[in-house]
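Everything below concerns the one structure shown next.
The values are calculated or read from the model by the stated rules, or taken from the named source; none is laboratory data. Worth saying up front: this structure is predicted, and the values here are computed from it rather than measured. Note that each Cβ is placed from the backbone with ideal geometry, even for glycine, and that neighbours are counted across all protein chains shown.
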Amino acid sequence: MNTLAGLALRLGKMLLQAAAIVVLVFLLARVVPGDTVDVLATQGDLTDAQQQVMRHELGLDRSIGAQLLAWSSAALAGDFGESIRFRRPVAGMLATALPTTLRFAGMSFVVGLVIAFGLAVMAATSGSRRTTALIDAVNIWSIAFPTFCVGVLGILVFSVWLGWLPVLGSMVLPVLIVGIDSAGQIVKPLYEELREATAAAHVRTARAKGLHPLRVVVVHLLPTALPIALTLSGLVLAGLVAGTLTMEVLFGLPGMGSLLLNAIHGRDYPVIQATIVVIAVALVVINALTDILHRLIDPRVTA
Amino acid sequence: MTAAPLLVVRDLSVLAPHGALVRDVAFEVAHGRTLALVGESGSGKSLTALATMGLLPPGLEVGPGTRATFEGAPLALGDEPAMRALRGRRIAMVFQDPMSCLNPFLRIGAQIAEALQRAGLRGATARRQRTLALLGEVELADPAYARRYPHELSGGQQQRVMIAMALAGSPDLLVADEPTSALDTSVQAEVTRLLLRLQDSRGMAMLFITHDLALARTLADEIAVMRTGEIVEAGPAARVLSAPRLAYTERLVSARRILLSAPATERPGSDEPVLAVEGLAVDYPGKGLFGKPLRALAGASFTLARGRTLGLLGESGSGKSTLAAAIVGLRRPAEGRIRLPGCTLTAERPTIPQALRRRCQLVFQNPAGALNPRLTIERLAGEPMRLAGMSRAESRDRVADAIAAVGLDPALLGRYPHQISGGQRQRVCIARALLCEPDLLVCDEAVSALDATVQVQILMLLRRLQQERGFAMLFVGHDPDVVGWIADEVLVMHRGRIVDRCAARDLGADDRHEHTRCLLAARPDRLAA
């Protein structure tokens, strides 16, 4: 009962956060001087009267509150308006871009977690110097080299010089680069946590029971580090949402990043607005999911 | 009766990178008999136990000259696969702090079933039945216990679960490392009785590690006394305890005896009250969003005069620490008032004004946690001086005086807390409190974390300092001997209420409250009876 109440509370908080983001994004787009019609007017010749008509058609002459209400009720129904540049429904554009980004981010996430957990568990249980050195290397790599720099170099080496991969459209290189980068962000704290957990009294109890070392790691050691691991994974996932955007542009993947960049170039406000809202809401949902999973995993967290 | 030796250990040494922590330890445990390893903390008795299990912490290893046999067969204590084959089947272990020794993420039943599976019991149903049987054997008969998580059990219940888990493989030898030290006195008694009964019914041998000689007397057939990594004296329990050969053993044995022969000298107390508590109640916030607040303390009223000591006696959860915390302004009273020199604490004004805080000082249970590990002893003890705006030179002199007054060598002033012993750390905490020249010293379980010999030293120190300086003292504790020895008057607490109050010398009287008698009956030296 208590768990359910806590769950409901967390979901309520998530909805509030999402609503706040929608309002904020909407207002930001309106704070920028000049609206869509001004942008179009600079490109073609539009008389004042024509501009007025367009504003009326687009609903830009109404109050901000009314616009917000109209936009969000339509968005809830899956209607994000029409792209000004392409004269196509934004929802459809999102629907074609989203799967690419999800695939890219998901694969990078898995690669990152496998690398991070693999190295951390190996180092914590064996105490091998070589593995801890590798952990440091991956960690420094992710701090020192931004993904887009590594991306450019990667294209140069693997696509231009060696010719192993196509320059555009292949996911192999970006997934590896973003995956290693994500692993580097979490592997160090994960390792510290696991190393501490190996000295935990209940892990010693598990060994005193004569359990197989593998069982000690999987059943008794890993769950101890799980709350931290979960929090870290949440952070990585959040970081991925931003990280994949630049890489999509660099590697020519037709995802949300490319969509957003093109929209920004063309001042395509409905598209910008919708993309940012989708990304932000995804972040809020990830955050809430991490919290909820944390509750489910650790029986001591009740409220 | 001479039983065949089950475990024989010869020339055991435990090596750390900088030297040996245990040297040339030799002992044997016979079938069905109990060997108690006793000694002060740091004497190497726990390391000896862990080495016997092959569970030494990383960085430590068993020395090359070590020899051991188990049931006559050679046993390589440093060989992990060989030791793992024995653990959980032939040898099992129970540790000190049961809360942290159980996996917080798994239900009790799953943790015991896992040990059964390891012991070779096939089939989930069989394991479930056996789990319930084991829980019944440790007196947790209700099947509901199997579905609980460790944090839903009390400390005593957790330790019973640990014992059930150790019994899963029907071991020949149970290694018990201070299994009752973290428990309340009465729970300690229950767990000790349980261990005795189980050992008897199963014919198990036991290697029992303790710093409590009274407990060793109750449990052990043989006793080996350890000091700085070596066994200095060994023999039949009765002989070692009644006629110790070494002064060190004598000190261990007599530590409790001093407390039992309390010199109930009347001390020159005055009538001037330093502390008056009137109808005090304290609430803890309830669980969840709409939970009702939990009343941890209700209807507490008493006074404490200058130069006198009031003892607060009770088990964990009885509200005694809550009461102490409210008195020094760390907990908001829900009802009632606390009168201190210069101020009165109520629900509306629950904290002591900054300027008056020095007059009310607190000494905690765990001195390691009460001292900042990154400051030297001099800085730590001198903190109150610096707050009072005293010059460095003056502060240094005062600190040196206070350090000498608590019986510490001034050479320790430049050290850090981890470089001194637990008893020395508690002396630093007391020196720090005294430098504030308090009217009231509140000691919350101030000696519970210390060895019996050190306990007595600290208690004597507190008593001497009180006679010299005349502060009033509120002494919180769970050990009737300790509280009865230091206090003039004792309040007995139970479930948030003061259930009994009497002069300390009358604590053992027959007409006391039922709960008081209960606490006194659970003392380790009364268990044998």
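Cβ-Cβ distances below 6 Å connect the following pairs, each with a first residue in segment B:81-108 that is more than 7 Å from chain A (Cβ to nearest Cβ), a second residue that is basic (K, R), and a separation of six or more residues or different chains: B:R107/B:R147; B:I108/B:R148. All conditions in (1) in contact (Cβ under 8 Å) with a residue 24 or more places away in the chain; (2) outside any helix (DSSP H, G or I); (3) loosely packed, with under 15 Cβ neighbours inside 10 Å hold for A:S170, with the sole exception of (3).
With B:A220, B:A234, B:A216 as the choices, which residue is within 20 Å of B:L259 (Cβ to Cβ), in contact (Cβ under 8 Å) with a residue 40 or more places away in the chain and among the small types (G, A, S)? Working first, answer last.
Working: B:A220 fails: within 20 Å of B:L259 (Cβ to Cβ); B:A234 fails: within 20 Å of B:L259 (Cβ to Cβ).
Exactly one of B:A220, B:A234, B:A216 is within 20 Å of B:L259 (Cβ to Cβ), in contact (Cβ under 8 Å) with a residue 40 or more places away in the chain and among the small types (G, A, S), namely B:A216.
Among the residues of segment A:194-216, those that are within 30 Å of the chain's Cα centre (by Cα) and within 17 Å of A:I297 (Cβ to Cβ) comprise A:L194, A:A197.
Determine whether segment B:258-273 contains at least one residue that is modelled with pLDDT of 90 or more and either surrounded by fewer than 13 Cβ atoms within 10 Å (Cβ to Cβ) or of a type in the set (A, V, I, L, M, F, W, C) (or both). Explain how you work it out, then say what you get.
We begin by selecting, within segment B:258-273, every residue modelled with pLDDT of 90 or more; these are none.
Within segment B:258-273 (the criterion being modelled with pLDDT of 90 or more and either surrounded by fewer than 13 Cβ atoms within 10 Å (Cβ to Cβ) or of a type in the set (A, V, I, L, M, F, W, C) (or both)), the answer is no, since none of the residues qualifies.
Determine whether A:L235 is farther than 15 Å from A:S83 by Cβ and buried (at least 22 other Cβ atoms within 10 Å of the Cβ). Steps first, please.
Numbers: farther than 15 Å from A:S83 by Cβ: yes; buried (at least 22 other Cβ atoms within 10 Å of the Cβ): no.
In short, no.
Can you confirm whether B:L375 is surrounded by fewer than 22 Cβ atoms within 10 Å (Cβ to Cβ), of a type in the set (A, V, I, L, M) and assigned to a helix (DSSP H, G or I)? Considered against the rule, which asks whether it is surrounded by fewer than 22 Cβ atoms within 10 Å (Cβ to Cβ), of a type in the set (A, V, I, L, M) and assigned to a helix (DSSP H, G or I), B:L375 comes out as no.
Kindly check whether there is at least one residue in segment B:343-354 that is crowded, with 19+ Cβ neighbours inside 10 Å and more than 22 Å from B:R501 (Cβ to Cβ).
Here is the first cut: in segment B:343-354, the residues crowded, with 19+ Cβ neighbours inside 10 Å are B:345, B:352.
From what's left, more than 22 Å from B:R501 (Cβ to Cβ): B:352.
Taking every residue of segment B:343-354 in turn, at least one turns out to be crowded, with 19+ Cβ neighbours inside 10 Å and more than 22 Å from B:R501 (Cβ to Cβ).
Please find, within segment A:30-59, the residue that is modelled with the highest pLDDT out of those that are hydrophobic (A, V, I, L, M, F, W, C) and surrounded by 16 or more Cβ atoms within 10 Å (Cβ to Cβ). Talk me through it step by step, then tell me what you get.
Taking segment A:30-59 first, the residues hydrophobic (A, V, I, L, M, F, W, C) are A:31-32, A:37, A:39-41, A:46, A:49, A:53-54, A:58.
From what is left, the residues that are surrounded by 16 or more Cβ atoms within 10 Å (Cβ to Cβ) are A:37, A:40-41, A:46, A:54, A:58.
On the way: A:V37: 72, A:L40: 70, A:A41: 72, A:L46: 73, A:M54: 78, A:L58: 71.
For segment A:30-59, the residue satisfying everything is A:M54.
Look at segment A:213-233: where a residue is within 12 Å of chain B (Cβ to nearest Cβ) and closer than 14 Å to A:V121 by Cβ and a partner is of a type outside the set (D, E) and surrounded by fewer than 18 Cβ atoms within 10 Å (Cβ to Cβ), sitting 6+ places away or on another chain with Cβ atoms under 7 Å, you get A:L226/A:I297. Scanning segment B:109-143 for residues that are in contact (Cβ under 8 Å) with a residue 40 or more places away in the chain and farther than 25 Å from B:L6 by Cβ yields B:Q111, B:E139. Please enumerate the residues belonging to segment B:90-141 that are under 22 Å from A:P299 (Cα atoms), among the aliphatic types (A, V, I, L, M) and out of contact with any Pro (no Cβ under 9 Å at 6 or more places or on another chain). B:A110, B:I112, B:A113, B:A115, B:L140 - these are the residues of segment B:90-141 that are under 22 Å from A:P299 (Cα atoms), among the aliphatic types (A, V, I, L, M) and out of contact with any Pro (no Cβ under 9 Å at 6 or more places or on another chain). Of the residues that make up segment A:32-52, is at least one without any contact (Cβ under 8 Å) to a residue 12 or more places away in the chain and within 28 Å of the chain's Cα centre (by Cα)? For segment A:32-52, residues without any contact (Cβ under 8 Å) to a residue 12 or more places away in the chain and within 28 Å of the chain's Cα centre (by Cα): present. Residue count for segment A:246-261 satisfying the condition of being surrounded by 17 or more Cβ atoms within 10 Å (Cβ to Cβ) and in contact (Cβ under 8 Å) with a residue 60 or more places away in the chain: 11. Within segment B:34-53, being within 12 Å of B:V175 (Cα to Cα) and not hydrophobic (A, V, I, L, M, F, W, C) holds for B:T34, B:K45, B:S46, B:T48, B:T52. For segment B:203-222, the set of residues classified as more than 21 Å from the chain's Cα centre (by Cα) and crowded, with 18+ Cβ neighbours inside 10 Å consists of B:M204, B:A205, B:M206, B:D221, B:E222, listed by residue number.
Scan segment B:117-134 for residues that are more than 10 Å from chain A (Cβ to nearest Cβ), crowded, with 17+ Cβ neighbours inside 10 Å and at pLDDT 90 or above and the total you get is 5. Out of all the residues in segment A:269-287, is one or more more than 19 Å from the chain's Cα centre (by Cα) and in contact (Cβ under 8 Å) with a residue 40 or more places away in the chain? Within segment A:269-287, one or more residues are more than 19 Å from the chain's Cα centre (by Cα) and in contact (Cβ under 8 Å) with a residue 40 or more places away in the chain. Of the set (1) in contact (Cβ under 8 Å) with a residue 60 or more places away in the chain; (2) closer than 14 Å to A:Y269 by Cα, all apply to A:A75 but (2). For segment A:163-178, the set of residues classified as modelled with pLDDT of 85 or more and more than 17 Å from A:V249 (Cα to Cα) is empty. Entry remark, segment A:110-162: residues being within 19 Å of the chain's Cα centre (by Cα) and modelled with pLDDT of 90 or more number 7 in total. Scan segment A:273-299 residue by residue and report those that are part of a helix (DSSP H, G or I), farther than 20 Å from A:A91 by Cβ and not hydrophobic (A, V, I, L, M, F, W, C). Hits for segment A:273-299 are A:N287, A:T290, A:D291, A:H294, A:R295. Condition check: at negative phi, surrounded by fewer than 18 Cβ atoms within 10 Å (Cβ to Cβ) and touching a residue at least 60 places away in the same chain (Cβ under 8 Å). Does B:T34 satisfy that? Against the criterion (at negative phi, surrounded by fewer than 18 Cβ atoms within 10 Å (Cβ to Cβ) and touching a residue at least 60 places away in the same chain (Cβ under 8 Å)), B:T34 does not qualify. Criterion first (free of Cβ contacts under 8 Å to residues at least 24 places away in the same chain, more than 30 Å from A:A77 (Cβ to Cβ) and surrounded by fewer than 20 Cβ atoms within 10 Å (Cβ to Cβ)) does A:L102 satisfy it? No: the conditions fail for A:L102. Here are some conditions: (1) β-branched (V, I, T); (2) out of contact with any helix residue (DSSP H, G or I) (no Cβ under 7 Å at 6 or more places or on another chain); (3) under 15 Å from A:G239 (Cβ atoms). A:T147 meets all but one. Which one does it not meet? Unmet for A:T147, out of (1) β-branched (V, I, T); (2) out of contact with any helix residue (DSSP H, G or I) (no Cβ under 7 Å at 6 or more places or on another chain); (3) under 15 Å from A:G239 (Cβ atoms): (2). Selection of first residues in segment A:118-140 that are over 16 Å from B:P58 (Cβ atoms) and of a type in the set (D, E) and of second residues that are in a helix (DSSP H, G or I) and at pLDDT 90 or above, restricted to Cβ pairs under 9 Å at least 6 apart or on distinct chains, gives the following pairs, ordered by first then second residue: A:D136/A:K188. From the list A:L226, A:L211, A:L237, A:L232, the lone residue that is outside any helix (DSSP H, G or I), out of contact with any strand residue (DSSP E or B) (no Cβ under 8 Å at 6 or more places or on another chain) and under 30 Å from B:H151 (Cβ atoms) is A:L211. Filter segment B:48-80 for residues that are facing chain A (nearest Cβ under 9 Å) and without any contact (Cβ under 8 Å) to a residue 12 or more places away in the chain and give the result. B:P57, B:P58, listed by residue number. Quick one: how many residues across segment A:122-147 are surrounded by fewer than 17 Cβ atoms within 10 Å (Cβ to Cβ) and assigned to a helix (DSSP H, G or I)? Summing the residues that are surrounded by fewer than 17 Cβ atoms within 10 Å (Cβ to Cβ) and assigned to a helix (DSSP H, G or I) in segment A:122-147 gives 11.
Which of the residues that make up segment B:142-172 are within 24 Å of A:R300 (Cα to Cα) and away from chain A (no Cβ under 13 Å)?
Filtering segment B:142-172 for residues within 24 Å of A:R300 (Cα to Cα) gives B:142-165.
Answer for segment B:142-172, where residues must be within 24 Å of A:R300 (Cα to Cα) and away from chain A (no Cβ under 13 Å): B:D142, B:P143, B:A144, B:Y145, B:A146, B:S154, B:G155, B:G156, B:Q157, B:R160.
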